[in-house]
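Beneath this line is the structure, given in structure tokens, with notes to follow.
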Amino acid sequence: MQVIMVSVALKQGQITPTELCQRCLSLIKKTKFLNAYITVSEEVALKQAEESEKRYKKGHSLGDLDGIPIAVKDNFSTSGIETTCASNMLKGYVPPYNATVVQKLLDQGALLMGKTNLDEFAMGSGSTDGIFGPVKNPWSYSKQYREKRKQNSHSENEDSNWLITGGSSGGSAAAVSAFTCFAALGSDTGGSTRNPAAHCGVVGLKPSYGLVSRHGLIPLVNSMDVPGILTRCVDDAATVLGVLAGHDPKDSTTIQDPVKPFTLPSLTDVSKLCIGIPKEYLTPELSSEVQSLWSKAANLFESEGAKVTEVSLPHTSYSIVCYHVLCTSEVASNMARFDGLEYGHRCDSDVSTEAMYAATRREGFNDVVRGRILSGNFFLLKENYENYFVKAQKVRRLIANDFVNVFNSGVDVLLTPTTLSEAVPYTEFIKEDNRTRSAQDDIFTQAVNMAGLPAVSVPMALSSQGLPIGLQFIGRAFCDQQLLTVAKWFEKQVQFPVIQLQELMDDCSSVFENEKLASVSLK
Amino acid sequence: MAAPMLRWCCSGRRFAFARVGCGSCHRRGSPTGSTSNGKRGQSSVAQQPHITAQKPRKGEPEWAAVVGLEIHAQIASNSKLFSGSQVCFAAPPNSLVSFFDASLPGTLPVLNRRCVEAAVMTGLALDCHINRKSLFDRKHYFYADLPAGYQITQQRLPIAVNGSLAYSVYVGRKPSQMVTRTVRVKQIQLEQDSGKSLHDDLRSQTLIDLNRAGIGLLELVLEPDMSCGEEAATAVRELQLILQALGTSQANMAEGQLRVDANISVHRPGEPLGIRTEVKNLNSARFLAKAIDYEIQRQINELENGGEILNETRSFDFKLGCTVPMRDKEGKQDYRFMPEPNLPPLLLYDSGSLPSGADPQQVINIDQLRERLPELPRVTRQRLVQQYGMLPEHSCVLLNEVGLLEFFQNVIKETRAEPKKVTSWVLNTFLGFLKQQNLAVSEREVMCFLLSFGGASPVTPSALAELLDLLDRKAISAPAAKQVFEELWRNEGKTPAQIVAEKKLELLQDPEALEQLCRSTLEAHPDVVMDLKRGNPRAINKLIGLVRKATLGRADPTAIKEVLERQLSS
């Protein structure tokens, strides 16, 4: 059910914001084992719902998001609500202000259900490396996946073989996928929104860098971070983007030009479109299933009259190592503020300020964060700066220019895989360390962040195992609307199946499969 | 070209003029020795001796000292460089701290337009090239009063480069022997100030005040073109005047709005530069000069005794009058500079390059700022010399003392007296009184107090103007005027006219009365008259004195002399 349709139902009084909120809260409780939420802000949400209800009763709602339950990744500052980044360092930290994106959602009347789980400080691609434990992929419990597993005669204990969500915005992806909210904020630095979106069968949008304010987003890599949007359909992503986009005086990297509100047109003719297929993205690690869906998608465009052309992004292969240098360098810098003095964790030692710093940071950060801080500081040393950081910046420029060249050649949108394969079981995933995993999993998504382009992952189909596979569309900088328009057309063509969680939450099918709602709103 | 400028005193009183042989060569001598034996004179134009130094031993070249400066000037702005927090000296601790200043995660810097304008104006006043594009960088180090763990500065591409600062020093004993020296300004960069750490050694804890954290600073790097403490102090003083004239910084050293670090080395002329030390924590110009001269002598002595100079940071101990090594912060720091990713490049425009249709709130036009530049100190001094015919050194004193120029100009405005007379009264009498009154208190505070807060000054410009008018129309004698001034200084709320009336100080206007007094004086002192007639020219002065005494100081000495001479010759 689309946000816009729920909005209509709310306006018509078929359901009240409080009912909607309570149903989501009950689903959150029922799916607690997914570990999607770190904090459930039940009281706040109910109070917001009450306010929203009053507005609806008076007949002046604040907009399409009024009364709509949303979730926010726990690396966005939320005033009065604990914001942990899934790290001991910020356990118990309650920000005194709202991130701009959070404030914008609240200003529209959205209901904040809670803060979602992630890898510590968003460093990871599995949502497995936070202090609150890993997030479980709702598809592990779907009818589609379970039936396939039975067919493939796996007899082992099902519960021990649950799948990861991808990351680092795995909590947000799971929250949307399990119907506990209609939209969620993620963050995307190297693919952290698109990757879990693909694994959880939802839409994951990374807007153009500079289109959406980062103020209040606890940074990973300032020059690449973008607030991401996770929804169950492209239209919803567009609705949320319409609310979030625009200049923020608190973020000097946001665009100055005003952004007009928009609704996505329903494309009927794709014959004027030129879709680029980057040949470098056809890597040996790509699973055959994803590869075949990718070409199927390309064929779909071609058969409908679009021009589909192979293009080259020659510097793609340098992206991983380049990203590693730039990311860890900024991480080293950004993490310097966590010293135990002003906020967050502080160790018990008071021998000296330096000893306090050392113990605080050792206790506060996990190995992944500490490892990145160490590498980053190494790259920034005077003797290394030219050889690593400056070189990486030059490579970044080349990677960005690859995209510019392709788009200048007449390509409107690039079509690529989002991930190498479908979601893997947790036990499988943790065989490799975080660094290796991040490097592998970000391969199709990372270059986009270095170039600042908009990209969206759209679920296409289920794999032979019954798990979602998503494909990525990459657009020109600040052509987010065009990108979403193409994605919407694609979404309509592929008719990705709805996740079937009935067994899981037998008695709460009502909200999302609510026939009454659907039938009324279609009138 | 800069107008000649008088250097201000390094050591004794600020009001004194000092003359120091501030050449580029230094000789052996005691580092604590005679560089600072300023002596206070009665007149504001006091004299100071040259540096007394031992003669070099034969055959050895003298030492040359090389001094460069790094100056941090706090920008006079209502809010901080990257946040909206208010800027205010001596506010309660941690009362002016925004989320950004406390480095709360997720906060981002937003550049303050006023600070950029201040940097551009300062750059223009120092003849710098203003970079149309400049960049911000992060400089990392862990310190308790640096909440983010890095300072945002302009390491790679600063806002202004390649300027110069002209200042004047005496080279000889005559005031006319002033020369203009120039120090190159390498660059001006915008950066954040840190917070303040207060170490409580008793309870072994450190208290942090973040009020200062994030205030905008101009870091000015002056090339090592100076060769002694006096030159450095004079250059800093000139810079201070420029910043104050521009209004870009209050530049009050005592309040830490102007902080100076000095890089010092010595070498023999013709040989490569020596290893330099950095002297930090110089919070007054007087200490700056002292510290530099001490450090130069220390280095010379060290080298002469076969020692070596370490590349180290030293601080000046003003109680002991010497520099001491600072506790080394775990060896050499690597600041791990990195571009600040949250701030786009800072772009500046001129009238030619201004994008059409640009929002004037979003762009800065250098040409527009250039037009807004106020009169700079060197021009003010030239104007004073031309307009009022005063000596260059007098124009220097007027500018060097906070508020004195304004006081002078207010007197000038209200009096009919000759400008030269006004200059003399302001510089000798007024300044002299200020000095005498406040021996125990630091001059700066007194001057600020007395001059900046108008009414608090015991003698207002109007009162002095009125007094000078009385003098000008010969209503009172010069000595009587001094007496009135003393009365005014007591600040009992009386006008000069009232004082003159009360004390009966008005000049004897009746010629007959003066004739009579003169006659009776001559009659009463035949011995002095005899003395005069025997050819002692000074005897007339004694007679004048006696008549003045008889008139209670109410007669003009010249008039008395005239009458006496006439009576004696008749």
(request) Considering (1) over 21 Å from B:Ala118 (Cβ atoms); (2) in a strand (DSSP E or B); (3) at pLDDT 90 or above, say which one B:Leu146 fails and leave the rest. (result) (2)
(request) For region A:306-340, name all the residues that are free of Cβ contacts under 8 Å to residues at least 12 places away in the same chain and among the small types (Gly, Ala, Ser). (result) A:Ala336
(request) Specify the residue that is surrounded by the fewest Cβ atoms within 10 Å (Cβ to Cβ); the eligible residues are those in region B:512-557 that are touching a residue at least 40 places away in the same chain (Cβ under 8 Å), closer than 30 Å to B:Thr495 by Cβ and not basic (Lys, Arg). (result) B:Leu552
(request) Go through region B:158-238 and tell me which strands (runs of 3 or more DSSP E), entirely inside it, have 2 or more residues that are more than 14 Å from chain A (Cβ to nearest Cβ) and polar (S, T, N, Q). (result) B:160-170, B:178-192
(message) Quick check on this structure: which one of B:Pro61, B:Pro92, B:Pro56, B:Pro49 is modelled with pLDDT under 50, away from chain A (no Cβ under 14 Å) and over 28 Å from B:Val397 (Cα atoms)?
(response) B:Pro56
(request) Hey, can you tell me all the residues within region A:183-217 that are β-branched (Val, Ile, Thr), within 14 Å of another protein chain (Cβ to nearest Cβ) and closer than 22 Å to A:Ala439 by Cα? (result) A:Thr189
(request) Out of the residues in region B:105-123 that are among the aliphatic types (A, V, I, L, M) and open to solvent by less than 20 Å² (accessible area, probe 1.4 Å), state the one that is farthest from the other protein chains (Cβ to nearest Cβ). (result) B:Met121
(request) List every residue pair whose Cβ atoms lie under 6 Å apart, where the two residues are 6 or more positions apart in sequence or sit on different chains, the first residue falls within region A:67-92 and is under 18 Å from A:Arg370 (Cβ atoms) and within 12 Å of chain B (Cβ to nearest Cβ), and the second residue, located anywhere, is open to solvent by 10 Å² or more (accessible area, probe 1.4 Å) and small (Gly, Ala, Ser). (result) A:Met89/A:Gly344; A:Leu90/A:Gly344
(request) Identify, from the list B:Val397, B:Val402, the residue that is in contact (Cβ under 8 Å) with a residue 12 or more places away in the chain and in contact with a strand residue (DSSP E or B) (Cβ under 9 Å, 6 or more places away or on another chain). (result) B:Val397
(request) Among the candidates B:Asp145, B:Asp101, single out the residue that is within 14 Å of chain A (Cβ to nearest Cβ), acidic (Asp, Glu), in contact (Cβ under 8 Å) with a residue 24 or more places away in the chain and in contact with a Pro (Cβ under 9 Å, 6 or more places away or on another chain). (result) B:Asp101
(request) State yes or no: is A:Gly186 in contact with a Phe, Trp or Tyr (Cβ under 8 Å, 6 or more places away or on another chain), under 18 Å from A:Phe76 (Cβ atoms) and of a type in the set (Gly, Ala, Ser)? (result) no
(request) Would you confirm whether any residue within region A:288-309 is charged (D, E, K, R) and in contact with a Ser or Thr (Cβ under 6 Å, 6 or more places away or on another chain)? (result) yes
(message) Of the conditions (1) within 16 Å of B:Pro341 (Cα to Cα); (2) surrounded by 21 or more Cβ atoms within 10 Å (Cβ to Cβ); (3) at the interface with chain A (Cβ under 10 Å from one of its Cβ atoms), B:Ser134 satisfies every one except a single condition; which number is it?
(response) (3)
(message) Which condition from (1) in a helix (DSSP H, G or I); (2) at pLDDT below 95 is the one that A:Asp350 breaks?
(response) (1)
(request) Test A:Phe444 against the criterion of being under 16 Å from A:Ala198 (Cβ atoms), aromatic (Phe, Trp, Tyr) and surrounded by fewer than 23 Cβ atoms within 10 Å (Cβ to Cβ), and give yes or no. (result) no
(request) Please determine, by comparing only the residues of region B:267-308 that are under 24 Å from B:Leu220 (Cβ atoms), part of a strand (DSSP E or B) and not basic (Lys, Arg), which one is most open to solvent (accessible area, probe 1.4 Å). (result) B:Asn281
(message) Quick check on this structure: which one of A:Arg362, A:Arg397, A:Arg372 is assigned to a helix (DSSP H, G or I) and closer than 29 Å to A:Phe473 by Cα?
(response) A:Arg397
(request) Sort through A:Pro314, A:Pro249, A:Pro258 and tell me the only one that's open to solvent by 10 Å² or more (accessible area, probe 1.4 Å) and away from chain B (no Cβ under 14 Å). (result) A:Pro314
(request) Return yes or no: is A:Phe378 surrounded by 23 or more Cβ atoms within 10 Å (Cβ to Cβ) and aromatic (Phe, Trp, Tyr)? (result) no
(message) Quick check on A:Ile277: is it on the phi < 0 side of the Ramachandran plot, more than 14 Å from chain B (Cβ to nearest Cβ), open to solvent by 10 Å² or more (accessible area, probe 1.4 Å) and in contact with a strand residue (DSSP E or B) (Cβ under 9 Å, 6 or more places away or on another chain)?
(response) yes
(request) Scan region A:325-347 for residues that are assigned to a helix (DSSP H, G or I) and more than 10 Å from chain B (Cβ to nearest Cβ) and jot them down. (result) A:Val325, A:Cys327, A:Thr328, A:Val331
(message) Tally up the residues in region A:99-154 that are surrounded by fewer than 21 Cβ atoms within 10 Å (Cβ to Cβ), in a helix (DSSP H, G or I) and aliphatic (A, V, I, L, M), please.
(response) 1
(request) Just give me the residues in region A:28-61 being in a loop (DSSP other than H, G, I, E, B) and touching a residue at least 12 places away in the same chain (Cβ under 8 Å), in sequence order. (result) A:Thr31, A:Asn35, A:Ala36, A:Ser41, A:Ser61
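The values are calculated or read from the model by the stated rules, or taken from the named source; none is laboratory data. Just so we're clear, the structure is a prediction, and the values are computed from it rather than from any experiment. Glycine gets a Cβ as well: all are built from the backbone with ideal geometry, and neighbour counts include every protein chain shown. With ligands, DNA and RNA removed, areas are computed over all heavy atoms of the protein, side chains included. Shrake-Rupley method; radii C 1.70, N 1.55, O 1.52, S 1.80 Å.
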